[in-house]
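Some notes on the structure that comes next.
The values are calculated or read from the model by the stated rules, or taken from the named source; none is laboratory data. Since we're looking at a predicted model, the values are computed, not measured. Methodologically, a virtual Cβ is constructed for each residue, glycine included, from the backbone with ideal geometry; neighbour enumeration extends over all protein chains shown. Surface accessibility is based on the protein's heavy atoms, side chains included, excluding ligands, DNA and RNA. Shrake-Rupley method; radii C 1.70, N 1.55, O 1.52, S 1.80 Å.
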Amino acid sequence: SLEMAHLHGGADDFCLGQLKFKKNFILFSSSSRGDHSFVLSAGDIRPFTLDGDMTIRIAGVAGGQEVNERFVVAGKLGRKQKQRFLVDFLNRHVL
């Protein structure tokens, strides 16, 4: 489980939560906005990507609805390296 910031729009518009994952499954549980929590199975997730601004993009289908969300690792120390590692790890071991 990792502490992540779920980006909503502008730089100051986000909620914190935990990204939890295991083989074939990923869950984001927002600490402050329950309506921003979601669960995706591997069959519903597209490959994870890093956008040009180094945000992690998680896209797929949950409950028949498109999910297209952006995240960053909470905390700034080593964020870019952690995000690169996380995207690679998730694509290799979760999907």
Name the residues in region 1-22 that are outside any strand (DSSP E or B) and within 14 Å of LEU86 (Cα to Cα), would you?
SER1
Criterion: farther than 16 Å from ALA5 by Cα and in a helix (DSSP H, G or I) - qualifying residue of ARG92, ARG84
ARG92
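Here's the yes/no breakdown for (1) open to solvent by less than 40 Å² (accessible area, probe 1.4 Å); (2) among the hydrophobic types (A, V, I, L, M, F, W, C); (3) at pLDDT 85 or above; (4) under 10 Å from the mean Cα position of the chain (by Cα):
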| site | (1), (2), (3), (4) |
| --- | --- |
| MET4 | yes, yes, yes, yes |
| GLN18 | no, no, yes, yes |
| ASN24 | no, no, no, no |
| PRO47 | no, no, yes, no |
| ASP53 | no, no, yes, no |
| ARG57 | no, no, yes, yes |
| ALA62 | yes, yes, no, no |
| ALA74 | yes, yes, yes, no |
When only residues in region 76-93 that are surrounded by 15 or more Cβ atoms within 10 Å (Cβ to Cβ) and of a type in the set (A, V, I, L, M, F, W, C) count, which is nearest to LEU27 (Cα to Cα)?
LEU90
Among the residues of region 2-39, the number that are farther than 15 Å from HIS93 by Cβ and in contact with a strand residue (DSSP E or B) (Cβ under 9 Å, 6 or more places away or on another chain) is 23
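Table: residues versus (1) under 12 Å from the mean Cα position of the chain (by Cα); (2) closer than 17 Å to CYS15 by Cβ.
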residue	(1), (2)
LEU50	yes, no
GLU69	yes, yes
GLY78	no, no
LEU90	yes, no
Can ASP13 be described as of a type outside the set (Gly, Ala, Ser), over 18 Å from GLU66 (Cα atoms), loosely packed, with under 14 Cβ neighbours inside 10 Å and without any contact (Cβ under 8 Å) to a residue 40 or more places away in the chain?
yes
So how many residues does region 26-45 have that are open to solvent by 40 Å² or more (accessible area, probe 1.4 Å), within 16 Å of MET4 (Cβ to Cβ) and either assigned to a helix (DSSP H, G or I) or in contact (Cβ under 8 Å) with a residue 40 or more places away in the chain (or both)?
1
